[in-house]
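The values are calculated or read from the model by the stated rules, or taken from the named source; none is laboratory data. Being a predicted model, the structure only gives us computed values, none of them experimental. Every residue, glycine as well, gets a Cβ built from its backbone with ideal geometry; the counts of neighbours run over all protein chains shown.
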Amino acid sequence: MKIVVTGAAGFIGSNLVDRLLREGHEVVGIDMLTIPEWEAVKRRNISEAMKNANFQFRQSDLLQMNLPEILKDADVVFHQAAIAGVRKSWGKDFGEYVNLNILATQRLLEACKDTGIKKFVYASSSSVYGGTDGPTDEDAPLLPISPYGVSKLAGEQLVRMYHVNYGLPTTSLRYFTVYGPRQRPDMAFHKFLKAILDGQPIPLYGNGEQTRDFTFVSDAVEANMLAMNLGVHGNVFNVGGVERASVNEILAIMQEVTGMQVRIEHLPKQPGDPLHTWADISNARKIMGYSPKIQLKEGLAAEWHYIRDLYGKGDS
């Protein structure tokens, strides 16, 4: 099939591109590459894909590019592109979240509605729920506690509206704390492992007892593949991992995986960070056949190998 992936040079997007190419699809990847200090990392993410004759890369802005041309004859669209990050989404920076997470999503949906595509898969976030005290299913109240969560919920609602009004075949996936190789430099595990590598203290917001449902990136990619082939539309699924853990438990696993001392710099809890997230993935299991495979120790070892290689301190 011809498949369009937005955010193709990003963390999940580039892993998804590689999976699609391995399965023989023709892939058009779109990415703005807007953050100069990350550009080398993002180009590295798609370096193997760029060697594949079935991959075309477009460095462009969804708000400016000729989307009908890009979407011509497309069978599937994976909308991974977004500006992420809870802490940065407050204050004046929220305008970027409106542009890239809401307006760009609406423009893409508008361009897709008359194309006859077979599936539109939207990357949503567990941030749409806000804080939770127990297992959270897709019918739980949607009460985001950060501007980022608000922007992702707005995008998700736009996706639903285009399904209801135009019959666009959509599925939204609410990711719960995805980690693994190619994780963005601003994400916690990347920052933690780089700090360990450099012998620096890890910045820890709060007391470390906050818990997350951690999802390895290959499991998140598998959820996208299942969504692509799902014959029912207009739905939303939680995408969680094999294990939940507190940040303190994660740090203990990191010390074991790296074999290096972990030092902590305690910082105040940040606004917008939920104390707990907990994915009930029973609907994804039942309807899509989703079954995450990668446990935390294995996943963190894979990310540690990536971090060492990225910063030139690998085993070779």
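Do we find a residue being out of contact with any Asp or Glu (no Cβ under 6 Å at 6 or more places or on another chain), among the hydroxyl-bearing types (Ser, Thr, Tyr), at pLDDT 95 or above and surrounded by fewer than 18 Cβ atoms within 10 Å (Cβ to Cβ) anywhere in the range 56-63? Scanning the range 56-63, I find at least one residue that is out of contact with any Asp or Glu (no Cβ under 6 Å at 6 or more places or on another chain), among the hydroxyl-bearing types (Ser, Thr, Tyr), at pLDDT 95 or above and surrounded by fewer than 18 Cβ atoms within 10 Å (Cβ to Cβ), so the answer is yes. Scanning the range 120-138 for residues that are assigned to a helix (DSSP H, G or I) and not aliphatic (A, V, I, L, M) yields Ser126, Ser127. Looking for something out of contact with any Phe, Trp or Tyr (no Cβ under 9 Å at 6 or more places or on another chain), modelled with pLDDT under 95 and either of a type in the set (Gly, Ala, Ser) or farther than 23 Å from Asn15 by Cβ (or both) - is there at least one such residue anywhere in the range 271-285? Yes, there is a match, as at least one residue in the range 271-285 is out of contact with any Phe, Trp or Tyr (no Cβ under 9 Å at 6 or more places or on another chain), modelled with pLDDT under 95 and either of a type in the set (Gly, Ala, Ser) or farther than 23 Å from Asn15 by Cβ (or both).
Select from the range 114-136 the residues that are charged (D, E, K, R) and under 24 Å from Thr215 (Cβ atoms) and write down the one among them that is surrounded by the most Cβ atoms within 10 Å (Cβ to Cβ). The qualifying residue surrounded by the most Cβ atoms within 10 Å (Cβ to Cβ) is Lys119. Do the conditions hold for Ser291, that is, is it out of contact with any Asp or Glu (no Cβ under 6 Å at 6 or more places or on another chain), under 25 Å from Tyr122 (Cα atoms) and free of Cβ contacts under 8 Å to residues at least 24 places away in the same chain? Considered against the rule, which asks whether it is out of contact with any Asp or Glu (no Cβ under 6 Å at 6 or more places or on another chain), under 25 Å from Tyr122 (Cα atoms) and free of Cβ contacts under 8 Å to residues at least 24 places away in the same chain, Ser291 comes out as yes. The residue that is nearest to Lys269 (Cα to Cα), counting only those in the range 139-182 that are among the small types (Gly, Ala, Ser) and not in a helix (DSSP H, G or I), is Ser146. Within the range 118-146, residues that are among the basic types (Lys, Arg) sit with their Cβ atoms under 7 Å from residues that are assigned to a loop (DSSP other than H, G, I, E, B) and surrounded by 15 or more Cβ atoms within 10 Å (Cβ to Cβ), at 6+ positions apart or across chains, in these pairs: Lys118/Asp75; Lys118/Pro169; Lys119/Pro169.
For beta carbons closer than 8 Å, sequence separation of 6+ or different chains, a first residue in the range 304-315 that is closer than 13 Å to Thr258 by Cα and at pLDDT 95 or above and a second that is surrounded by 15 or more Cβ atoms within 10 Å (Cβ to Cβ) and among the aliphatic types (A, V, I, L, M), the qualifying pairs are Trp304/Leu193; Trp304/Met254; Trp304/Val257; Ile307/Leu193; Ile307/Leu197; Arg308/Leu197.
Taking the range 190-242 and the strands (runs of 3 or more DSSP E) fully enclosed by it, the elements with 1 or more residues that are closer than 28 Å to Pro169 by Cβ are at 211-216, 235-239. Can Ala223 be described as in contact with a Ser or Thr (Cβ under 6 Å, 6 or more places away or on another chain), at pLDDT 95 or above, farther than 19 Å from Ala188 by Cα and aliphatic (A, V, I, L, M)? Criteria not met by Ala223. How many of the residues in the range 163-196 are touching a Lys or Arg at 6+ places or on another chain (Cβ under 6 Å) and at negative phi? Residues meeting the conditions: 3. The residue list Ala74, Ala104, Ala111 contains one member that is assigned to a loop (DSSP other than H, G, I, E, B) and surrounded by 14 or more Cβ atoms within 10 Å (Cβ to Cβ), which is Ala74. Inspect all residues belonging to the range 27-45 and state whether any of them is surrounded by fewer than 23 Cβ atoms within 10 Å (Cβ to Cβ), without any contact (Cβ under 8 Å) to a residue 12 or more places away in the chain and of a type in the set (A, V, I, L, M, F, W, C). The answer is yes, given that some residue of the range 27-45 is surrounded by fewer than 23 Cβ atoms within 10 Å (Cβ to Cβ), without any contact (Cβ under 8 Å) to a residue 12 or more places away in the chain and of a type in the set (A, V, I, L, M, F, W, C). Restricting attention to the range 46-71 and to residues that are in a helix (DSSP H, G or I) and in contact (Cβ under 8 Å) with a residue 24 or more places away in the chain, the residue that is farthest from Leu109 (Cα to Cα) turns out to be Ala49.
Annotation for the range 86-98: no member residue is surrounded by 20 or more Cβ atoms within 10 Å (Cβ to Cβ) and in contact with a Cys (Cβ under 7 Å, 6 or more places away or on another chain).
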